[in-house]
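These notes are about the structure you will find just below.
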Amino acid sequence: MGESKMSGVDFGAIREFYIEDVESLIEFIETAGRSGADFHACSIDTEADSMYSYETKLCLVQFSMPNALVIIDPLLIDREALLEFTRFVDRFDVVWMHGGDYDLSLLSRSLDWIPQTLFDTQIAARLLGVPRFGLADLLLEEYQLKVSKQSQKADWSKRPLSQKMRDYAYNDVRYLLDMGGRFLSRLREHDRMAWFTESCESLKQSVQSREGKSEDELWRISGSGRLSRRGMHFLKHIWHWRDEECRRLNRPAFKFLGNREILAMTEELEGKGTVTPPCYLRPPSVHRLREIISSIRDISPDQYPLKHRRSEEERLEIDEKKFEKLRKHRDQLGVELGLDPTLIAPRRTLEKLAATNLPSEQKEGLLMQWQQSLMSSEL
């Protein structure tokens, strides 16, 4: 991406380390952690192979600290050494990320670890009213650097990595510490640091509390609610057939057969009793599908999946006058503060706050403290 010295930082002079074995990682940790090292802040990013594999794998960890950029290869380094690296990261006061939700989930799932104190440049940019807050947009705005997105959808599980992919990976963290410092100064100027730290902590807690779908929820894709119980019976088994085919081929579901296609196949089976699989499916996969359909046709209806009752959340009885009052107040605040109004309170949150059939205790905690403070006059 080139070199920038606008902030007094010579980004081109920062040392780069590509680490693909345990010995090199331990050596880096020991060297970087010597007396006098700056443990004020570091940054982290990750790359995965979700677009290319059945099971998403952590393929790269990018790390920066003052004077060092590091790419770590988790595919070639054992888990214990990676955990040693996480303990090293925990020595820093703050870990910067950009749009860290996915990265945090990936780190939590892969290493059972997330940073102790997280700061997010995307959250900072939004709280400063920046309208375009993608990393490429911010680099263009802050450093006049136009970055290539060519490697954004690359297969990060392939080895060796090309130099272009390495450069892309380094640049994901090269500017985060300097950018974070700039944003912190502006947040303090606008008296929004408390908003920022609470929002970052909320993101971290959201990832920590997130639970995966249960076995009975995985196959209930969007649109499945309109099926009869017999149709849901077919869908469940077609979904599991697709899952097994994807496992065989080591391919993500969307590259084998999308949800729209399996729902259409289910509706055809439910209506006509027969199904016409897409012509691009390989004969062995089609054969296994037909075998499964044949084996489940005569299952007793009392074994069909139950239709889920709509949750209370989906049947809110909304006081429209109260909702409009809250929305107008929120939108006016957005204008006055130069913020996207949905950052102050998303529409669904306003609906819950205006619902007459939602107990008051369930309305507590819908807003963060800074949001609650801004909206308090209308609550």
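Rule-based calculations on the coordinates, nothing more; no lab input. All figures in this text were calculated on a predicted structure; none of them were measured in a lab. Using ideal geometry, Cβ is built from the backbone for each residue, glycine included, and neighbour counts are taken over all protein chains shown.
Here are the numbers:
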{"read-out": "Over 31 Å between alpha carbons, listed pairs LYS204/LYS236; LYS158/LYS307; LYS307/LYS363; LYS204/LYS352", "value": "LYS204/LYS236; LYS158/LYS307"}
{"read-out": "Computed E for GLU261/ILE299 - FRET, C-beta separation, R0 30 angstrom, nearest 0.05", "value": "0.80"}
{"read-out": "Electrostatic dipole magnitude of the range 312-378 [Cβ: Lys, Arg +1; Asp, Glu -1; Cα centre; debye, to 20]", "value": "160"}
{"read-out": "Theoretical FRET efficiency, 1/(1+(r/R0)^6), r = Cβ-Cβ of ASN250 and GLN362, R0 41 Å, to 0.05", "value": "0.45"}
{"read-out": "GNM top mover of VAL130, VAL335, VAL95 - the chain, alpha-carbon springs below 10 Å", "value": "VAL335"}
{"read-out": "Rounded to whole Hz, the Karplus (6.51, -1.76, 1.60) HN-Hα couplings of the range 62-72, x for glycine and proline", "value": "9, 9, 9, 9, x, 6, 8, 10, 9, 10, 10"}
{"read-out": "For the range 11-209, share of DSSP beta bridges that run antiparallel, in % to the nearest 5", "value": "50"}
{"read-out": "Calculated [θ] (222 nm, deg cm²/dmol) that DSSP helices of n ≥ 4 give over the chain, each run adding -39,500 (n - 2.57)", "value": "-14500 deg cm²/dmol"}
{"read-out": "Gained length - ARG159 relative to SER222, 0.36 nm times residue gap less alpha-carbon distance", "value": "19.1 nm"}
{"read-out": "By average C-beta atoms within 10 angstrom, highest first, the peptides 266-272, 344-350, 358-364", "value": "344-350, 266-272, 358-364"}
{"read-out": "Dipole in debye (nearest 20) - the chain, about Cα centre, beta carbon charges: Lys, Arg +1; Asp, Glu -1", "value": "1540"}
{"read-out": "Computed label-point distance, nm, for sites GLU211 and ARG282 using a 7 Å Cα→Cβ extension", "value": "3.8"}
{"read-out": "Shape call, the range 11-209: gyration tensor on alpha carbons, a/c limit 1.5", "value": "rounded"}
{"read-out": "FRET efficiency, 1/(1 + (r/R0)^6) with R0 41 Å, evaluated for MET51 and ARG230 via beta carbons", "value": "0.75"}
{"read-out": "Contour excess over end-to-end distance, with Cα ends at HIS190 and THR274 and 0.36 nm allotted per residue", "value": "23.9 nm"}
{"read-out": "For the range 40-59 and the range 74-144, distance of Cα centres in Å", "value": "11"}
{"read-out": "Alpha carbon convex hull of the range 224-303, volume per residue in cubic angstrom", "value": "90"}
{"read-out": "Using θ = phi - 60° and Karplus 6.51 cos²θ - 1.76 cosθ + 1.60, couplings along the range 324-329 (whole Hz; Gly, Pro as x)", "value": "5, 5, 5, 5, 5, 5"}
{"read-out": "Dipole-positive endmost among SER206, GLY273, ALA253 within the range 205-327 (Cβ charges, Cα centre)", "value": "ALA253"}
{"read-out": "Spread of Cα-to-Cα distances over 10 Å intervals beginning at zero, given as percent, for the range 312-378", "value": "22, 56, 20, 2"}
{"read-out": "Near-label residues of the range 327-344 by backbone N, under 17 Å of a point 7 Å along Cα→Cβ of GLU320", "value": "327-328"}
{"read-out": "Cα-based helix-to-principal-axis angle, 229-249 vs the chain, degrees rounded to 10", "value": "50"}
{"read-out": "Projected area, mean over directions - the chain, Cα convex hull, nm²", "value": "23.6"}
{"read-out": "Max mean-square fluctuation residue, GNM over the chain, Cα-Cα springs under 10 Å, options ILE262, ILE71, ILE19", "value": "ILE262"}
{"read-out": "Dipole magnitude of the range 212-370 about its Cα centre (Cβ charges: Lys, Arg +1; Asp, Glu -1), debye to nearest 20", "value": "440"}
{"read-out": "Residue (of THR117, SER228, GLN369) at the positive-pole extreme of the chain, dipole from beta-carbon charges", "value": "SER228"}
